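Down below is the structure, laid out as structure tokens.
Bear in mind these aren't lab numbers, they're just calculated from the coordinates by the rules spelled out. Every value quoted in this text rests on a predicted model; they were computed, and no experiment measured them. Cβ placement follows ideal geometry from the backbone for every residue including glycine, while neighbour counts extend to all protein chains displayed.
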Amino acid sequence: MFLPGASATSSPPPLPRPPLAWSERAVDDALVHAIADQHALPRSVARVVVGRGVASLDAAALYLRPSLKHLPDPLRLAGVDAALDRIEHALVRGERIGVFGDYDVDGVTSTTLLTDFLEAVGGDVICTIPDRLVEGYGLSKAGVDRLVDGGCRLIVTVDCGVTNHDEVAYAAGRGVDVIVVDHHTVPVALPRALSVINPHRPDCTRGSEMLCAVGVTFNLALAVRRRLRERGWFSSTRPEPDLRDALDLVALGTVADVVPLVGENRVLVHAGLQLLRQGRRPGMRALLEVAGVEAAQVAAGDLGYQVGPRVNAAGRLGDAMQGVRLLKSGDDGVTRALAAALDAENAARRDIEKQIIAEAIAQVEASPQLREAHAVVVGDERWHPGVVGIVASRLVDRFGRPAVVFGQGGRGSARSVERLHLHDALSRVRAVVGEVIAGFGGHHHAAGVRLAAGGLERFRDAFLDDAAQALRPEDLRRVAHHDGVLDAADLRFDLVDSLKAASPFGRSNPEPAFVLPSVRLRGVRVVGSGHLKGTIDPASLPTDMRRGRVDVIAFGAAEREFEWQRPVDLLGVPERNEFNGATTLQVRVRDFRPSSSSSSLSTSSREA
């Protein structure tokens with residue numbers, strides 16, 4: 001079923017990493033000046049704001065001061081009314097409610113949030129998350145049985161369910177109502193659940209298509225709380241819960257699910273980070289501690305790269321309910337033990353991932369078909385299905401093409417480039433290969449796929465053909481967008497602090513990056529596991545800065561050490577670096593190249 005590995009003696013030369021083009025974001029200079037004046041911002045920071053799609057002074061005010069009062073009405077979500085009626089009925093009658101979640105961070109945080117909320121309003125609630133290897137993705141009949149046998153009369157799915165027609169029907173056959181809360185692309189026909197709440201429903205006009213599941217779940221909780229308040233449900237003995245206390249969960253799930261960090265999502269994450277910095281949830285404190293992140297300084301990037309992977313590790317290799325237990329627990333001893341276990345799981349996941357990435361790259365480089373294709377499809381029955389999504393992401397970065405990676409039992413994950421909508425592509429491929437695809441689901445940038453036995457070759461050929469028709473060569477070009485040119489003299493702590501006004505950063509609201517031309521570096525050395533570090537030559541800095549220093553670090557660039565012996569143009573992110581109690585100014589480098597003249601830099605940095 002699977003492609004053979006590469007032979008050590010017959011492998012062709014490695015494929016070069018596609019070059020990275022530098023492209024300066026086009027902005028309205030008049031608006032940049034107006035925003036800088038109105039908000040007392042450095043022009044470079046105002047330029048970042050406009051470069052994130054802000055098109056007016058009013059929009060800039062909302063962008064720079066995100067507020068929960070600007071969130072849309074949760075009652076505008078299609079399907080919410082029927083869900084409110086059924087949840088209210090269950091609460092009034094004391095019926096047990098089952099929450100069924102997905103095993104990734106979005107599912108774990110959604111499960112925790114809804115379970116916590118329903119318990120806080122007096123509900124009788126139990127929750128479950130499927131075993132990834134045994135049950136696979138989505139609502140399962142085994143999961144339905146667990147909840148029904150546990151006494152549930154109502155099941156609420158979170159971060160799954162919108163494609164589970166058979167399982168919803170099975171639950172109905174067992175006398176149980178199902179409410180689906182999901183955010184994945186909806187099928188042509190919705191499952192016959194009591195309610196389907198999904199902002200991608202064609203009849204949903206709220207404009208919240210970018211919400212992930214925990215964002216949708218948070219809105220459902222807001223709507224339920226409003227209904228209960230109107231019914232006089234709350235009292236001195238049953239106080240109304242403050243849902244702002246759940247925003248740390250919303251922030252973690254939203255960032256980890258890599259949905260666009262704009263509009264409603266950005267407001268929710270901004271508020272959630274403020275809560276996280278207070279360190280109020282024991283489970284979050286424990287996670288930040290094992291990740292080496294100071295709670296008071298936590299940023300969106302820490303959630304995406306440090307905290308999220310540790311929560312995900314449980315669902316990838318073990319029991320995803322560990323994440324729910326960790327986030328729900330108020331006992332510091334319990335949370336520290338669970339966080340340590342997740343940290344160990346994450347370390348094991350990294351080792352497995354590293355090996356599979358090397359084998360996957362070898363498969364691509366050994367295959368004449370894949371070397372020339374517009375996409376990558378690889379697989380091996382030995383590969384753990386819990387890490388194939390991460391491997392697919394690494395392959396997209398390595399080769400600049402969409403990637404689908406299959407592991408044990410034909411279970412695979414896909415990741416894409418901007419120009420290829422994965423759910424649409426997989427729908428087209430299924431029309432060609434039919435039952436070779438046993439199931440799939442997802443959205444634009446990520447999807448899960450399951451193949452029938454022996455189906456990889458047919459799937460691979462069809463997917464590569466589809467990618468060849470859908471993508472042009474220029475769609476596969478790797479581009480690093482930046483926010484203009486900075487002189488080394490502009491690198492100051494006050495600039496870094498001012499740039500925080502544009503945070504939180506994430507997908508569709510990327511962190512600011514600038515070009516620093518003709519930088520001379522001193523003390524160049526390799527540090528850590530293959531990282532390149534140096535210090536900007538003090539002669540390049542203004543007189544008042546020469547007593548300090550500006551460090552430069554490029555992760556994973558050790559093999560290019562020789563290039564830093566001469567002046568280079570850097571593309572990087574100015575930031576504070578706090579280490580061993582000392583704070584220094586640092587440029588985190590995304591890319592670099594031999595120094596160019598000012599004229600050639602201007603041209604290359606503004607290519608379309």
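Cross-link check: pairs 141/328; 69/141; 328/354; 141/354; 354/500 evaluated at a Cα-Cα cut-off of 29 Å; pairs beyond the cut-off: 69/141; 328/354; 141/354; 354/500.
Summarising the label geometry, the points placed 7 Å from Cα in the beta-carbon direction at residue 28 and residue 359 lie 5.4 nm from one another. Per-residue Karplus couplings for the stretch 473-487, computed as 6.51 cos²θ - 1.76 cosθ + 1.60 with θ equal to phi - 60°, are listed in order as x, 5, 5, 9, 6, 7, 10, 10, 7, 9, 10, x, 9, 10, 7 Hz, Gly and Pro entered as x. When both the stretch 450-480 and the stretch 299-316 are represented by their alpha-carbon centers, they are found 29 Å apart. Amide H contacts under 5 Å for residue 24: 482, 606, 607, restricted to partners 5 or more places along the chain or on a different chain, H placed in the peptide plane at 1.01 Å from N.
The longest part of the chain holding none of the exposed loop GluC sites (Glu not before Pro), meaning those outside H, G, I, E and B in DSSP with at most 11 other Cβ atoms within 10 Å, is 1-417.
Placing unit charges on the Cβ atoms only, positive for Lys and Arg and negative for Asp and Glu, gives the stretch 367-476 a dipole magnitude near 220 debye about its Cα centre.
Under a 5 Å amide H cut-off, with hydrogens placed 1.01 Å from N, residue 125 pairs with 97 among residues at least 5 apart or on other chains.
Ranking 270, 184, 84 by Cα position along the charge dipole of the chain, where only Lys, Arg, Asp and Glu carry charges on their C-beta atoms, puts 270 farthest toward the positive end. Protection proxy ranking of 187-197, 250-260, 266-276, by the mean of other Cβ atoms within 10 Å over each peptide's residues and highest first, is 250-260, 266-276, 187-197.
Calculated FRET efficiency, residue 560 to residue 419, Cβ-Cβ distance, R0 = 25 Å: about 0.30 to the nearest 0.05. DSSP assigns beta bridges within the stretch 38-176; of those with both partners inside it, close to 0 percent run antiparallel. For the stretch 342-359, 3J(HN,Hα) computed residue by residue from phi via the Karplus equation (6.51, -1.76, 1.60; θ = phi - 60°) reads 5, 4, 5, 4, 5, 5, 5, 4, 5, 5, 4, 4, 4, 5, 5, 4, 4, 5 Hz, glycine and proline entered as x. Taking the Cα centre of the chain as origin and charging only Cβ (+1 Lys, Arg; -1 Asp, Glu), how large is the dipole, in debye to the nearest 20? Roughly 560 debye for the chain. The simple Förster model, with R0 at 45 Å and r as the Cβ-Cβ distance, assigns residue 576 and residue 444 a FRET efficiency of 0.85.
With contacts taken as Cα pairs under 8 Å and at least 6 residues apart, the stretch 128-194 reaches a relative contact order of 31 percent. Calculated [222 nm] ellipticity per residue, helices only, for the chain: -12000 deg cm²/dmol; basis is -39500 (n - 2.57) per DSSP H run with n ≥ 4, divided by all residues, nearest 500.
Annotation: amide H-H contacts under 5 Å for residue 377 (H modelled 1.01 Å from N, sequence separation of 5 or more, or interchain): 404. When +1 charges are put on Lys and Arg Cβ atoms and -1 charges on Asp and Glu Cβ atoms, the dipole computed for the stretch 290-373 relative to its Cα centre reaches about 140 debye. Label-to-label distance for residue 535 and residue 381 is 5.8 nm, based on points extended 7 Å past Cα in the beta-carbon direction. Evaluated at q = 0.06, 0.08 Å⁻¹, a Debye calculation over the C-alpha positions of the chain (equal weights, vacuum) places log10 I(q)/I(0) at -0.34, -0.61. Summarising the label geometry, the points placed 7 Å from Cα in the beta-carbon direction at residue 96 and residue 489 lie 7.2 nm from one another. For the stretch 517-524, backbone phi angles converted through the Karplus equation (6.51, -1.76, 1.60; θ = phi - 60°) give residue-by-residue couplings of x, 6, 8, 9, 10, 10, x, 5 Hz, Gly and Pro being listed as x. For the stretch 457-492, the residues whose amide N sits under 11 Å from a probe point set 7 Å from the Cα of residue 428 along the beta carbon direction are 463-472.
Between residue 481 and residue 244, what is the FRET efficiency for a Förster distance of 45 Å, r being their Cβ-Cβ separation, to the nearest 0.05?
Efficiency computed from Cβ-Cβ geometry: 0.85.
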